[in-house]
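Engineer: Take this structure, written in structure tokens, and hold onto it; I'll ask about it next.
Please treat every number below as a calculation from the coordinates, not as lab data. Predicted model only: the values in this text are computed from it and were never measured. With ideal geometry, Cβ positions are generated from the backbone for all residues, glycine too; neighbour counts draw on all protein chains shown.
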């Protein structure tokens, strides 16, 4: 079984949040600054409202200092003074500005007159879209457009169709938005606070977010969220048309793990990297962590197929267990076979073309080809090494143990063997392609290759 190490399901919001817009709708008393909101605006999101020239002039004059004090990544394009307020309880005075930036989100920034100084409060135009402090500068009328560069940097195929602010963390670690793409994908976008296109961002698919039970996506329905991960499964495994799917969890590096059951009866665990690319693909037959796929029936069917292929290729094996090697050998499948009718088993290389004969290597020789058995121990194939010695006229040694010495640069392999009578054994030299024994070097003499001295018990000088 192949283990995978994943953590608990990603916690979307492990820290407290200032919810989008409600900070203004309910009054800013919920924040650490204790300020109150500006006077209500008659502007509506997406509608260009008349801007008082005097308020615009005052806003532009103050904007550079406000941007610096707030620590906002903003190349100033426009600004306006929104208004001032006094908290009726604390008497704290606050001034509110709308800032429009080139290539970034627009902001509403509240500065405070306080001793000691209080850091300005910063909200994006998306966060205040449904509050009295709605943005109304022309460049901020479509506030989602400022998110497009960050989204495109992770998912180039996502053209934003809708977006809304979720809020920002009270510890200043991140700002979170929900976005929907024209191709049907939906994500939570986690970005910096304050928002900056120059800082790392992360997209979390709505399928993952919905599964966590926190802040369910509202711009993307469940069918679209499922379709997104189903497309991802098809991208990872071409013959997998998803029947069911689930989120398994995430690693510390941000890789997400999904399990998919396919309509053809197969199942896979597939990881998605933080860049939304396909990571690991693990067949459910190779792990015990799948829950959506009953692999027992498929394993029985597959074992029957390997039995037919092995016997047709000349290797008499009734397959009871098998394990595929994860190797890049185009047009071939490499599988270890365990047999009920013989103890030795083998590593089989089956070609996609029926015109090419399969190859079989018992577990005592398979390492010479680069494959180590995991189901069958090499000891089960020791008689084949005894037979190799006999072909080299070494007839007195019955092999009791073996060790791969290594492969040389000229394409030869070396295996050390010990003898059951306790006398010194040999190092057998092989050509690898084709695999055949060529010479046996007594352990009592010099090793055939540098660093290849005999090491097995009974083979070392006392």
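Engineer: If we restrict to alpha carbons, what Rg and Dmax does the chain come to, in Å?
Structural biologist: 33.8, 106
Engineer: Something else about it: With the Cα gyration tensor of the stretch 295-376 giving a ≥ b ≥ c as the square roots of its eigenvalues, does the rule (a/c under 1.5 for rounded; else a/b larger than b/c for prolate; else oblate) give rounded, prolate or oblate?
Structural biologist: It comes out rounded by the Cα gyration axes.
Engineer: Another one. Expressed as an acute angle from 0 to 90° and rounded to the nearest 10, what is the orientation of the C-alpha long axis of helix 222-236 relative to the principal long axis of the chain?
Structural biologist: Roughly 40 degrees between the two axes.
Engineer: Run through every distinct alpha carbon pair of the stretch 113-194 and return the Kirkwood hydrodynamic radius in angstroms, one decimal place.
Structural biologist: 13.9 Å
Engineer: Rounded, prolate or oblate, given the Cα gyration tensor of the stretch 162-231, with a/c below 1.5 counting as rounded?
Structural biologist: Prolate, because a/c is 1.5 or more and a/b exceeds b/c.
Engineer: Cα-based Rg (one decimal) and Dmax (whole number) for the stretch 197-292, in Å?
Structural biologist: Using the Cα atoms of the stretch 197-292, the pair Rg, Dmax is 13.4, 45 Å.
Engineer: Could you give the length gained on full extension between residue 252 and residue 84, defined as 0.36 nm per residue of separation minus the Cα-Cα distance, in nm?
Structural biologist: Full-extension gain reported as 56.0 nm.
Engineer: Further question on the same structure: Can you give me the angle between helix 295-312 and the longest principal axis of the chain, using Cα atoms only, in degrees from 0 to 90, rounded to the nearest 10?
Structural biologist: In the chain, helix 295-312 runs at an angle near 40 degrees to the longest axis.
Engineer: Evaluate the distance, in nm, between pseudo-label points positioned 7 Å from the Cα of residue 384 and of residue 300 along their respective Cα→Cβ axes.
Structural biologist: Distance between the two pseudo-spin positions: 3.0 nm.
Engineer: Also, quick follow-up: Starting from 0 in steps of 5 Å, tell me what percent of the Cα-Cα pairs of the stretch 353-462 lands in each bin.
Structural biologist: Once binned at 5 Å, the Cα pair distances of the stretch 353-462 give 2, 13, 23, 25, 19, 10, 4, 2, 1, 0, 0.
Engineer: Continuing with this model, one more query. Report the per residue volume, in Å³, of the convex hull enclosing the C-alpha atoms of the stretch 380-442.
Structural biologist: Residue-normalised Cα hull volume stands at 77 Å³.
Engineer: If you fit an axis through the alpha-carbon atoms of helix 53-70 and take the longest principal axis of the Cα set of the chain, what angle between them do you get, 0 to 90°, nearest 10?
Structural biologist: Between helix and principal axis, roughly 40 degrees.
Engineer: Something else now. Between residue 439 and residue 351, what's the calculated FRET efficiency when r is the beta-carbon distance and R0 is 35 Å? Round to 0.05.
Structural biologist: E between residue 439 and residue 351, to the nearest 0.05, is 0.65.
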